[in-house]
Amino acid sequence: MAYPFLEYSFASMKKSLKSLEHKALLKTLYSLRIGAGLRQTDLAERIDEPQSFISKVEQGERRLDIVELKIIVEAMGASLPEFIQQFETNVNEAKKKISKS
């Protein structure tokens, strides 16, 4: 089934772990944590998870659902809408870099 508002259909959707969008998601999470002045251990304590959980998320080894993402983002002092806005900015910047290459 194709969705006209998307650039792809779910039937042909590929794994996203190595996609430009997934890389932008990881960059956005990392930047938010660093900008909040938090170490991985600090963030892990705030969400009651081991430091290895944060490391795996930031390395792309562990995927997040939307509820987990919201908890993590709010633990870093941001709202989910703010995070999504920054994520979209990072995606657009990455796409511009690719189109210039």
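Suppose each label sits 7 Å from its Cα in the direction of the beta carbon; what would the Q85-E68 distance come out to in nanometres?
2.7 nm
Ratio of Rg to Rh for the stretch 28-96, alpha carbon only, Kirkwood? Write down the numbers at each step before the final one.
Values: Rg = 11.8 Å, Rh = 12.3 Å.
With Rh from the inverse mean 1/r over Cα pairs, Rg/Rh is 0.96.
Taken together, the values in this text are just the output of simple stated rules run on the coordinates, not laboratory data. Quick caveat, the model's predicted, so the values are computed rather than measured. Glycine gets a Cβ as well: all are built from the backbone with ideal geometry, and neighbour counts include every protein chain shown.
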